[in-house]
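Peer 1: Pasting in a structure now, in structure tokens, and then I'll have a few things to ask.
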Amino acid sequence: MKRKEYAWAYLFISAPIVGFLLFAFIPLSYSVYVSFTEYSGYQAPVFTGTNNYAKLALHDELFWKTLFNTFYSALSIPIGMVVALGIAMSLNQKVRGIRFFRTMFFLPTISSVIALTLLWKWIFNDSYGLLNYLLELIGIQGPAWLSSETWAMPAMIIQGVWAGLGINMVLYLAALQGVPKSFHEAAEIDGASGWQRFVKITIPCISPTTLYILITSTITALQDFPRFQIMTEGGPNYSTTTIVYYLFQNAFRYMSMGYASAMAWALGLLILAITLLNFWLSKRWVHYE
């Protein structure tokens, strides 16, 4: 009986294990090898040692520019977290119709990324876009958002803030509803103001959720790709070319798979380092009790 149970157990877990080996572990392992080669995807890889990594660090100025662009676009993370927290606090009130507003804020999260990105591309259009039309109504001449080196990345940051509001708002809303009311009542009796209760009680109590949002949003932002491909195609003049979009160009436009693999692993190690740093720094400001 035990042997039969073990046999069935191994049978059920074999599918995800085989899937992981075939579609994750083996490709990842092979990409490590490819990153040390010159490989076009059509011919056999030619081992070149650390040439790809040396080129990244010392000779490719565009790589460093795209890395800067990636972190520049990640400014949407702190801005979005603050806005999401503000919305969550507003939606944490017991007022009529509050469920409707919660649904409306969350709805973009489950909508098509492509459709929403195309919508925002129209909003930012400098000739007939909605945003410049609204600015014109109040006497402001709107810029050429997506075709200007100065305004293209701020436009992407605005869109990035909006795109992350839904899920972050829901997470913060759940965290706020988990804050014990007795803490606020005791502080209010002691004469604490609303701001003092927010800083001393609310912020520490929701800090684990803040850490989770920070880490997941950072990982997502450093790998952001489809928005930039659809809205700007990395332009103008590489002003919105992120590292993942540059990686994509090297791999599938210039057919430099080895160099792209080295770039991917450099990005992976960077994300790992930032994540570990966030966990280490969280010991100073995250409270689990």
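Peer 1: Would you check which residues across region 200-211 are within 28 Å of residue 276 (Cβ to Cβ) and surrounded by fewer than 16 Cβ atoms within 10 Å (Cβ to Cβ) and list them? Working first, answer last.
Peer 2: Initial filter on region 200-211 (within 28 Å of residue 276 (Cβ to Cβ)): 202-211.
Selection gives 203, 208.
Residues are listed down the side, and each one gets a yes or a no for (1) among the aromatic types (Phe, Trp, Tyr); (2) surrounded by fewer than 21 Cβ atoms within 10 Å (Cβ to Cβ); (3) in contact (Cβ under 8 Å) with a residue 60 or more places away in the chain; (4) under 28 Å from residue 176 (Cβ atoms):
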position	(1), (2), (3), (4)
223	no, yes, no, no
226	no, yes, yes, no
235	no, yes, yes, no
246	yes, no, yes, no
253	no, yes, no, no
260	no, no, no, no
266	no, yes, yes, no
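Peer 1: Continuing with the same structure: Looking only at region 45-70, count how many residues are within 17 Å of residue 249 (Cβ to Cβ) and in contact (Cβ under 8 Å) with a residue 40 or more places away in the chain.
Peer 2: 10
Peer 1: Let me ask something additional. Tell me, please, whether a residue that is buried (at least 20 other Cβ atoms within 10 Å of the Cβ) and modelled with pLDDT under 95 can be found in region 139-148. Let's see the steps before the verdict.
Peer 2: Initial filter on region 139-148 (buried (at least 20 other Cβ atoms within 10 Å of the Cβ)): 145-146.
Subsequent filtering for residues that are modelled with pLDDT under 95 retains 145-146.
Yes, there is a match, as at least one residue in region 139-148 is buried (at least 20 other Cβ atoms within 10 Å of the Cβ) and modelled with pLDDT under 95.
Peer 1: Let me ask something additional. I need the helices (runs of 4 or more DSSP H) fully contained in region 136-212, keeping only those with at least 1 residues that are out of contact with any Pro (no Cβ under 8 Å at 6 or more places or on another chain), β-branched (Val, Ile, Thr) and in contact (Cβ under 8 Å) with a residue 12 or more places away in the chain. Please lay out each step first, then the result.
Peer 2: Numbers: elements: 152-177, 181-189, 194-197.
Those helices (runs of 4 or more DSSP H) span 152-177.
Peer 1: Have a look at 241, 220 and point out the one that is of a type in the set (Ser, Thr, Tyr), within 30 Å of residue 43 (Cβ to Cβ) and under 20 Å from the mean Cα position of the chain (by Cα).
Peer 2: Working: 220 fails: within 30 Å of residue 43 (Cβ to Cβ).
Unique residue meeting the criteria: 241.
Peer 1: May I pose another question? Being at pLDDT below 90 and farther than 30 Å from residue 201 by Cβ narrows it down to one residue among 27, 108; which is it?
Peer 2: From the options 27, 108, the qualifying one is 108.
Peer 1: Continuing with this model, one more query. If I ask for residues that are out of contact with any Gly (no Cβ under 9 Å at 6 or more places or on another chain) and closer than 21 Å to residue 149 by Cβ, which ones from region 106-123 would you list?
Peer 2: Across region 106-123, the qualifying residues are 117, 120.
Peer 1: Then there's this: If residue 103 meets every condition in (1) of a type in the set (S, T, N, Q); (2) without any contact (Cβ under 8 Å) to a residue 12 or more places away in the chain; (3) over 30 Å from residue 203 (Cα atoms) apart from one, which number is that one?
Peer 2: (3)
Peer 1: Follow-up question, since we're still on this one. For region 112-132, give me each residue that is loosely packed, with under 13 Cβ neighbours inside 10 Å and without any contact (Cβ under 8 Å) to a residue 60 or more places away in the chain.
Peer 2: 112, 115, 122, 127, 128
Peer 1: Surrounded by 13 or more Cβ atoms within 10 Å (Cβ to Cβ) and more than 20 Å from the chain's Cα centre (by Cα): is that true of residue 190 in this structure? Can you show your working first?
Peer 2: Working: surrounded by 13 or more Cβ atoms within 10 Å (Cβ to Cβ): no; more than 20 Å from the chain's Cα centre (by Cα): yes.
No.
Peer 1: Across region 143-177, what is the number of residues that are hydroxyl-bearing (Ser, Thr, Tyr) and under 17 Å from residue 233 (Cβ atoms)? It would help to see each step written out before you state the result.
Peer 2: At the first step, the residues of region 143-177 found to be hydroxyl-bearing (Ser, Thr, Tyr) are 147-148, 150, 172.
So of that shortlist, the ones also under 17 Å from residue 233 (Cβ atoms) come out as 147-148.
Number of matching residues: 2.
Peer 1: Can you find, within region 268-284, the residue that is nearest to residue 218 (Cα to Cα) among those that are surrounded by fewer than 11 Cβ atoms within 10 Å (Cβ to Cβ) and of a type outside the set (A, V, I, L, M)?
Peer 2: If we take residues in region 268-284 being surrounded by fewer than 11 Cβ atoms within 10 Å (Cβ to Cβ) and of a type outside the set (A, V, I, L, M), then 280 is nearest to residue 218 (Cα to Cα).
Peer 1: OK, next. Is region 254-271 home to any residue that is of a type in the set (A, V, I, L, M), within 30 Å of residue 144 (Cβ to Cβ) and within 18 Å of the chain's Cα centre (by Cα)? Talk me through it step by step, then tell me what you get.
Peer 2: Taking region 254-271 first, the residues of a type in the set (A, V, I, L, M) are 255, 257, 260, 262-264, 266-267, 269-271.
Still in the running and within 30 Å of residue 144 (Cβ to Cβ): none.
Checking region 254-271: not a single residue is of a type in the set (A, V, I, L, M), within 30 Å of residue 144 (Cβ to Cβ) and within 18 Å of the chain's Cα centre (by Cα).
Peer 1: Every residue in region 239-254 that is β-branched (Val, Ile, Thr) and not in a helix (DSSP H, G or I), please. Step through it out loud before you land on a result.
Peer 2: Just the residues of region 239-254 that are β-branched (Val, Ile, Thr), to begin with: 240-244.
240, 241, 242 - these are the residues of region 239-254 that are β-branched (Val, Ile, Thr) and not in a helix (DSSP H, G or I).
The values are calculated or read from the model by the stated rules, or taken from the named source; none is laboratory data. On a predicted model such as this, the values are computed, not experimentally measured, just so you know. So basically every Cβ, Gly included, is an ideal-geometry build from the backbone, and we count neighbours across all protein chains shown.
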